[in-house]
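Student: Dropping a structure here in structure tokens format, bear with me for questions.
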Amino acid sequence: EEADAVVVKRKGTVDFSDITFNYPDFAVDLSLFKELTERERKSLAVQIEITYGTVKDYFTPENFYLTSAPDEALSFLKGIFKPFPFRLLDSFEEYERVIVLDPNAEEEFTHTEVTPNTLIVVGGIVDSSERLKGSTSKIMPDFLHRKITYKGIVSVVPDRINEIVKIVCDYLTSDLSLYEAVKRNL
Ligand code: SAM
């Protein structure tokens, strides 16, 4: 498992021709969509679009999903994105590991836990002035939750969905430490 994690970390520097290799997948969880105001929903749509572009740039379009979306969220997004470009994920069974990025988690995110068959989940939460503080803990509570900090401090890390995913993509595809990846995206 450790060896697999190193392969992910060194994408681009090893010869992949004779190994089976999958990149980690990313999903935006929309289970808390009903909590968002109209303005926050519009911002969420923008952030989802940018995040999709980021995952596409670093990995492939097939590595990006929306998950746990209530009908209301889907019809809202389908009204904005025509044609609708996002794939929906409704089962996590095929993944060896699922990691929810969560600013309230106890443990820090690390690439050593990211196997090539890992799903990385980000909360589809846009809460102006932290109205929904702590809410990421409610997302998929039975799976691993991991935080990203800058020198141990959560509050200085950019918290937009697309920014968090960009930090993780930078980190997983380079030799940067998580600290350096955050710094580069401040
Ligand atoms: N106020 C929410 C809370 O306290 O749970 C955070 C919402 S944040 C705007 C949107 C999403 O980005 C979170 O659900 C989480 O997945 C991710 N995120 C933001 N900052 C993070 C951090 N420092 N560490 C891990 N994930 C983070």
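Please treat every number below as a calculation from the coordinates, not as lab data. Remember, predicted model here, so these are calculated numbers, not experimental data. Every residue, glycine among them, receives a Cβ derived from its backbone with ideal geometry; neighbour counts consider all protein chains shown.
Student: Can you figure out the FRET efficiency of Phe143 with Glu62, using R₀ = 25 Å and their beta-carbon distance, to the nearest 0.05?
Tutor: So the FRET efficiency works out to roughly 0.70.
Student: OK, next. Once you charge only the Cβ atoms, +1 for Lys and Arg and -1 for Asp and Glu, what is the size of the charge dipole of the chain about its Cα centre, to the nearest 20 debye?
Tutor: 860 debye
Student: Then there is this: Which value at 222 nm does the chain reach when only helices count, each DSSP H run of 4 or more adding -39,500 (n - 2.57), with the total divided by all residues and rounded to the nearest 500 deg cm²/dmol?
Tutor: -9500 deg cm²/dmol
Student: Moving to a separate point now. Can you give me the relative contact order of the range 71-144 as a percent, contacts being Cα pairs under 8 Å and 6 or more apart?
Tutor: 32 percent
Student: Below 8 Å between Cα atoms, with a sequence gap of 6+, how large is the relative contact order for the range 92-186 in percent?
Tutor: On the way: 128 pairs, mean separation 28.6, N = 95.
About 30 percent, as a whole number.
Student: Where does each of Leu144, Leu119 land when they are ranked from fewest to most other beta-carbon atoms within 10 angstrom?
Tutor: Leu144, Leu119
Student: Strictly over 18 Å apart at the Cα level, which of Lys34/Lys78; Lys147/Lys183; Lys56/Lys183; Lys133/Lys166; Lys34/Lys138; Lys56/Lys166 would you flag in this model?
Tutor: Lys56/Lys183; Lys133/Lys166
Student: Evaluate the charge dipole of the range 44-142 about its Cα centre and quote only its size in Debye, nearest 20, assuming +1 on the Cβ of each Lys and Arg and -1 on the Cβ of each Asp and Glu.
Tutor: 500 debye
Student: Now for a separate question. What is the chain's relative contact order, in percent, from Cα pairs under 8 angstrom and six or more apart in sequence? Display every interim value, and only then the final one.
Tutor: Values: 304 pairs, mean separation 56.2, N = 186.
Relative contact order of the chain: 30 percent.
Student: At a Förster radius of 35 Å, what calculated FRET efficiency corresponds to the Cβ-Cβ distance of Glu49 and Glu106, to the nearest 0.05?
Tutor: 0.65
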